[in-house]
Amino acid sequence: MRFMRFVSMPVVLMMSFQVAKAQDPEIKKVPVPDQELKGPTIKNADTTIKKILDELQRVTDNDKQNSNAIQALLQGREIDNITKYELIKSNIVNASETYYLLNKKIIDLKSRTTTNNLDVFITSLNNPESKALGFSLSDRVVELVEKIILKGKADKSGRNGKIVESTKSIINSPIFQSFTSLTPPLAIANSVMNFLHSVSVNNKQINQKALQDFEKELNKYVIYYTSLNDANQKFEFGLNFNKDQLSLLQDNLYEHLRFTASALKFPLPQRDNKSIGETLNSFFFDFKKEKVIDFFNAMEAKYTKNKRIDYELLLRENPNLKEANNQLEDLILQTKRFENLYNEYFTLLDSYYGKVNSSLKIALDNGLSEKGIIETKQNEFRNLKTEAVSEIQSSINIKELYNNTEKIKYRYRIF
């Protein structure tokens with residue numbers, strides 16, 4: 001039928017006439033002019049048929065090409081869906097481990113001040129009763145009172161003896177003993193000076209020159225302890241700020257984890273009245289790498305038909321997986337923020353080390369202690385600081401977090 005559409009009407013009429021003539025003997029032969037018997041009419045018919053056949057072949061070839069192209073597109077689409085799914089799966093599985101590691105390391109760093117040995121060292125330098133530098137502040141203050149204020153006339157029964165006993169009483173006051181910062185030496189010096197000034201009002205033997213000479217000598221110790229106190233306060237302030245930032249980071253981690261858990265249909269972590277650290281620690285009993293792998297295995301089984309996973313349907317019916325994958329850049333940024341806070345801790349420790357050494361140098365320059373003792377303490381402090389750095393680095397193991405984070409291909413967005 002398709003062929004007949006392309007046959008010209010004159011040809012059809014001619015063929016019909018020839019058939020009728022063959023069937024009816026009465027039909028007489030009609031002479032045909034010679035030019036009508038020549039080739040052009042047959043040649044034109046052959047050309048038309050050839051064009052029709054060529055057109056048919058072209059259509060057949062186009063159909064085959066289109067079919068191949070469609071198959072290639074379908075196959076490419078299937079491969080694309082597989083690639084998307086495998087990327088999402090790999091990223092979220094590795095992210096589950098990253099959540100756990102990041103929380104663990106935040107808690108560890110938040111608990112750090114220094115180390116026990118380093119704390120003991122600093123406390124001993126500040127303790128008024130300690131002779132870590134070859135003297136105790138308590139003894140030196142009493143000696144200065146006896147030598148400068150009382151001119152060596154500190155009889156136990158007289159008024160001078162009472163001044164010495166009152167000075168000792170101030171030094172041993174429970175108020176100063178209860179201080180936990182580096183302020184006791186400074187508070188003691190200030191209280192003793194106030195006491196002597198008040199006594200001088202009614203005691204003519206304590207003149208202004210004696211008070212000035214006493215204050216001058218006492219200030220050598222005050223400068224040393226002030227420097228030590230400044231070092232401690234700045235270190236403590238830096239640590240507290242660092243901990244506040246770590247707490248904020250942990251809150252952000254909690255919110256990000258809730259989003260990912262909801263995408264995977266895991267029960268969400270509930271705060272209730274628990275601390276953020278306790279909440280996350282409890283949640284990681286269930287939300288861990290092995291459980292996330294089980295989740296994806298179950299999903300693959302659900303969408304398997306005739307031993308083939310329908311990745312297109314899986315992704316279409318679980319759009320939250322794509323969003324969870326695309327949000328992983330925020331998790332990476334959180335790990336980078338932790339690395340910054342981790343490095344800031346050591347910057348704080350370095351600064352603290354430098355300030356304490358400066359305090360020890362002040363003690364040497366003011367003649368409070370011998371050079372050999374100061375150098376020994378500086379070496380001891382350097383070793384303790386090195387030990388503290390090594391212990392913290394080993395405990396937190398920042399490389400472990402970095403290596404795990406590198407497995408997350410967060411730059412590839414899935415749409």
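The values are calculated or read from the model by the stated rules, or taken from the named source; none is laboratory data. Everything numeric in this text was worked out from a predicted model, so none of it was measured. Every residue, glycine among them, receives a Cβ derived from its backbone with ideal geometry; neighbour counts consider all protein chains shown.
A few remarks follow.
- Those residues of the range 296-321 which are surrounded by fewer than 16 Cβ atoms within 10 Å (Cβ to Cβ) and in a helix (DSSP H, G or I), in sequence order: 297, 298, 300, 301, 302, 313, 316, 317, 319, 320
- Screening the candidates 243, 168, 234 for the property of being assigned to a helix (DSSP H, G or I), within 30 Å of residue 95 (Cα to Cα) and in contact with a helix residue (DSSP H, G or I) (Cβ under 8 Å, 6 or more places away or on another chain) yields one hit, 243.
- Leading residue by the ranking (surrounded by the fewest Cβ atoms within 10 Å (Cβ to Cβ)) among those in the range 272-286 that are within 13 Å of residue 261 (Cα to Cα) and touching a residue at least 40 places away in the same chain (Cβ under 8 Å): 284
- Flag if residue 142 is assigned to a helix (DSSP H, G or I), of a type in the set (A, V, I, L, M), buried (at least 17 other Cβ atoms within 10 Å of the Cβ) and without any contact (Cβ under 8 Å) to a residue 60 or more places away in the chain: yes
- Scanning the range 246-264 turns up at least one residue that is within 23 Å of the chain's Cα centre (by Cα) and among the aromatic types (Phe, Trp, Tyr).
Here's the yes/no breakdown for (1) modelled with pLDDT under 95; (2) within 30 Å of residue 99 (Cα to Cα); (3) crowded, with 19+ Cβ neighbours inside 10 Å:
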{"residue": "203", "(1), (2), (3)": "yes, no, no"}
{"residue": "206", "(1), (2), (3)": "yes, no, yes"}
{"residue": "211", "(1), (2), (3)": "yes, no, no"}
{"residue": "215", "(1), (2), (3)": "yes, no, no"}
{"residue": "234", "(1), (2), (3)": "yes, no, no"}
{"residue": "240", "(1), (2), (3)": "yes, yes, no"}
{"residue": "243", "(1), (2), (3)": "yes, yes, no"}
{"residue": "249", "(1), (2), (3)": "no, yes, yes"}
{"residue": "255", "(1), (2), (3)": "yes, yes, no"}
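- Residues of the range 360-415 that turn out to be closer than 30 Å to residue 320 by Cα, aromatic (Phe, Trp, Tyr) and part of a helix (DSSP H, G or I), as a count: 1
- Of residues in the range 92-139 being closer than 30 Å to residue 320 by Cβ and among the basic types (Lys, Arg), the one surrounded by the fewest Cβ atoms within 10 Å (Cβ to Cβ): 104
- Qualifying residue in the range 356-365 (condition: surrounded by 12 or more Cβ atoms within 10 Å (Cβ to Cβ) and under 27 Å from residue 108 (Cβ atoms)): yes
- Total residues in the range 359-392, condition basic (Lys, Arg) and within 17 Å of residue 345 (Cα to Cα): 2
- Hits in the range 192-201 (condition: part of a helix (DSSP H, G or I) and loosely packed, with under 12 Cβ neighbours inside 10 Å): 194, 198
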